[in-house]
Amino acid sequence: MTLTGTPKRVAIVGGAGKVSRELIPLLLKVGIEPVPLARRDEQLEELEAMGAAPRRLDIEAASADDFMAAFEGCDGVVFSAGGGADGNVERKRTVDFEGSIKSAQAAAAMGIDRFVQVSAIGVDNPADPASSASWRAYVDAKREADDALRQTQLAWTILRPGSLTSDAPTGRITLAPAVPHGAISRADLAATIVDCLQTEDAVGQQWELVCGETPIKDAIADYAS
């Protein structure tokens, strides 16, 4: 892994999502330019109005060259895309797994080392056989995407949040390699992403996180090697 310090311009794969919309103002606040990637005109307009520099990318349809073009000039990537809760089994594969693979490959090809991936809590455990096919596909896709990222030479961090909420940020979390299942606000997840981007202690770490009592920076420092 090559460490190059805090990135200055970060591509956000899944840039129109709810996590990205929490992340954008936090990146701007610390002087990191957010480049959210989205596929629809109205999304690009909304993201630009937030002060970001959005670019067009359709994760599922995009080629390797398309991903590299979208990452041009960036020195960090946040992968926060997800196929959604629409019951579409195939999209869990094409978005959550293949989207991550294509993002990591493009980052490596472009010489971008810093890569933060948003996964999900507990995905190393087999999904309940009684759960829906869509949920089982989601768990499999996230687990396999994380495994593939760990095999790369990128300066990666994998964050596995619990159930995401729209609650107000608290700035306090519980973070460790494994934590009991719980919930966390998207705002606190976004703040954790920003802090991970700003410390090389987070490189090579995979953490689960839920709401808690420890300030985010302290929680990261407690488990960073």
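The values are calculated or read from the model by the stated rules, or taken from the named source; none is laboratory data. Keep in mind that this is a model prediction, so the values were computed, not measured. Neighbour counts are summed over all protein chains in view; Cβ atoms, including those assigned to glycine, are modelled from backbone coordinates with ideal geometry.
Here are a few things to note about the model shown:
- Looking only at region 157-176, and only at residues there that are touching a Gly at 6+ places or on another chain (Cβ under 7 Å) and not polar (S, T, N, Q), the one that is nearest to ASN125 (Cα to Cα): GLY162
- Criterion applied to ALA141, ALA168, ALA107 was being closer than 23 Å to THR192 by Cα, at pLDDT below 95 and not charged (D, E, K, R), and the one residue passing it is ALA141.
- Qualifying residue in region 216-223 (condition: in contact (Cβ under 8 Å) with a residue 12 or more places away in the chain and under 14 Å from the mean Cα position of the chain (by Cα)): no
- Residue list for region 9-54, filter: of a type in the set (D, E, K, R) and under 17 Å from the mean Cα position of the chain (by Cα): ARG9, LYS18, ARG21, GLU22, GLU33
- Residue within region 70-78 that is over 17 Å from ASP113 (Cα atoms) and in contact (Cβ under 8 Å) with a residue 24 or more places away in the chain present: no
- For region 77-97, the criterion of being at pLDDT 95 or above and acidic (Asp, Glu) is met by none of the residues.
- Options ARG143, ARG136, ARG150, ARG186; residue that is of a type outside the set (Gly, Ala, Ser) and closer than 16 Å to LYS18 by Cα: ARG186
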